[in-house]
Amino acid sequence: MKAVFISPVASDALIFRRIDSLADLGVKPVVLYFQRDYYKGRESTHETQKLGELAHSSVFGRITTYLRAWSAIRKHVQSSDIVYAFSSDLTLLALLARAFSGSRPKLVCEVQDIHSLLVGSGPLAWAFRQLDNFIVNQSDLLVVTSEEYISGYYAQHLDIGKLNHFVQENKVDGRLLDRTDVQSKAPNSPLVIGYFGLLRCKTSWSFLMRFIERSAGDVHLYVRGKVLGIDSFEQDVAASEWIEYGGEYVSPDDLPEMYAVIDLSWVAHAHGLANSQWARSNRFYEAMYFGVPMIAQEGTVDSRFVSEAMVGTVIDMHQYDVSENALKQISLKSCEAWRANIGQVANTVYELTDDHERLLAKIIS
């Protein structure tokens, strides 16, 4: 069974996890991708083809690049049993390619993020929602990373009732990772907060800079990942003796050593508010897998779980004084108790089991 996967990036741990997992089940993948400024991930072991270059957050700037790529996509669609596109706009390309290909492979649209424009107001937002409605209804299967995307976006903003969909959360693939033992620390050791991933939330960075400086060495910050749009980042890191930036990383290879040296994982963010209200962050799944308590932003899906399962603390970055006071109450003993609570959570919450077997069955049904 041949499948062509259309990806917006050359290397993304979550996208290639999906492709690799389906390949393990007998799917023969061809990966068509666009190049963009993104963090480095594992290189694909499958047949690949670059389609062009994309810029971050440039919706209209993508159109020319997409038009140039259409012919290559159509060629692969003609000979495939499955076309799997990672985003609505790439699904539209796939739909057009399928319409002029003379064949009709199964078309899967996976949505991991909802663009802020789609939940906005005004005629432009309305027009894009109508287009999104068309794309979803023409697809054979919609894959979302959270059930709340269905109830929160597709039902409320697109007014779509029943959808043929499958929920595939961005859980950790434990087959690719080793858990590391928690390192023992002296009672008076500083707490270490880890901030990992695609680092583009200016609200988080501003809050952390203020908190770390006011903590005067009682709390350290360990940062790893790709920095986007935080102009003061290098200057801020250089100016603080309590902040360490370890550079970019390859996921999942580098995750065990990163999570082994922190006490708390920063999963709070204010970037992409619609997404945070509907879907858990990638950092949530990683922190749970490695048994690291979390600091989450109030009002997010992450924060609801963190509060209910007592696996960390919840703050509101927009109320600094109250949040700072809450963070100052955290001790190594607090972290130990939260770690114990994480140990009581079923691994199916954060780790893949038979997810991709069920996904493939849904695709071909």
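Each value in this text was obtained by applying a stated rule to the coordinates, not by laboratory testing. As the structure is a computational prediction, the values presented were derived from the model and not from experiment. Glycine gets a Cβ as well: all are built from the backbone with ideal geometry, and neighbour counts include every protein chain shown.
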Subject >> Potential extension, Glu53-Asp254 segment - 0.36 nm per residue separation minus Cα distance >> reply: 69.7 nm
Original post:
Could you state the number of Å between the C-alpha centres of the range 222-278 and the range 296-332?
Top reply: 17
**OP:** Taking volume of the Cα convex hull per residue in Å³ as the quantity of interest, determine which of [x] 156; [y] 138; [z] 178 was computed from the displayed structure.
**Re:** [y]
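Multiply the residue separation of Lys333 and Arg179 by 0.36 nm, subtract the distance between their alpha-carbon atoms, and state the gained length in nm to one decimal. All intermediate terms of the calculation are to be shown ahead of the outcome.
Values: separation 154, 0.36 × 154 = 55.44 nm, distance 2.12 nm.
This chain segment gains 53.3 nm when fully extended.
Summing +1 for each Lys or Arg and -1 for each Asp or Glu, what net charge is found among the other residues whose Cβ lies under 15 Å from the Cβ of Ser80? Don't jump to the answer; show the numbers that get you there.
Values: positive: Lys2, Lys28, Arg74, Lys75, Arg98, Arg104, Lys106; negative: Glu47, Asp81, Asp140.
My count for the surroundings of Ser80 gives +4.
Tell me which chymotrypsin sites (Phe, Trp or Tyr not before Pro) from the range 63-118 have a DSSP coil assignment and no more than 16 other beta carbons within 10 Å of their own. It would help to have the intermediate numbers written out before the result.
Working: sites: Tyr66, Trp70, Tyr84, Phe86, Phe100; in loops: Phe100.
For chymotrypsin sites (Phe, Trp or Tyr not before Pro) across the range 63-118 that sit outside H, G, I, E and B with at most 16 neighbouring Cβ atoms in 10 Å, the list reads Phe100.
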Original post:
What does the charge dipole of the chain about its Cα centre add up to, to the nearest 20 debye, if the Cβ of each Lys and Arg holds +1 and the Cβ of each Asp and Glu holds -1?
Top reply: 1220
**OP:** Could I have the simple spin-label model distance between Ala238 and Leu117, label points 7 Å from Cα toward Cβ, reported in nm to one decimal?
**Re:** 3.6
**OP:** Give me the Kirkwood hydrodynamic radius of the range 139-225, using the inverse of the mean 1/r over all pairs of distinct Cα atoms, in Å to one decimal.
**Re:** 17.4
**OP:** For the range 9-163, just say rounded, prolate or oblate: build the C-alpha gyration tensor, square-root its eigenvalues into a ≥ b ≥ c, call rounded for a/c under 1.5, and beyond that prolate if a/b exceeds b/c, oblate if not.
**Re:** rounded
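With Cβ to Cβ distances under 10 Å as the rule, what net charge do the other residues near Ser21 carry (K, R +1; D, E -1)? Display every interim value, and only then the final one.
Numbers: positive: Arg17, Arg18, Arg175; negative: Asp20, Asp24, Asp173, Asp355, Glu357.
Net local charge, Ser21 excluded: -2.
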Subject >> Net charge contributed by nearby residues that have their C-beta within less than 10 Å of Arg304 (K/R +1, D/E -1) >> reply: -2
Original post:
Where a ≥ b ≥ c are the square roots of the eigenvalues of the C-alpha gyration tensor, would you call the range 288-331 rounded, which needs a/c under 1.5, or, failing that, prolate if a/b is larger than b/c, or oblate?
Top reply: oblate
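Efficiency by 1/(1 + (r/R0)^6): what FRET value for Asp81 and Ala155, r their Cβ-Cβ distance, R0 = 41 Å, to the nearest 0.05?
Details: r = 31 Å, r/R0 = 0.75.
Once rounded, the FRET efficiency stands at 0.85.
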Original post:
Does the range 296-365 classify as rounded, prolate or oblate by the C-alpha gyration tensor (a ≥ b ≥ c root eigenvalues; a/c under 1.5 gives rounded; else a/b over b/c gives prolate, otherwise oblate)?
Top reply: oblate
Subject >> Acute angle (nearest 10 degrees) that the helix 202-215 long axis makes with the longest principal axis of the chain, alpha-carbon atoms >> reply: 10
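Using only the Cα atoms of the range 198-287, what semi-axes does the equivalent ellipsoid have when each is the square root of 5 times a gyration tensor eigenvalue? Give whole Å, largest first.
Equivalent ellipsoid of the range 198-287: 20, 17, 13 Å, largest first.
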Original post:
Using 7 Å Cα-to-Cβ label points, what is the Glu308/Ile364 separation (nm, one decimal)?
Top reply: 3.5
Original post:
What spacing in nm lies between the two simple spin-label points modelled at Ser189 and Thr348, each 7 Å away from Cα in the Cβ direction?
Top reply: 3.5
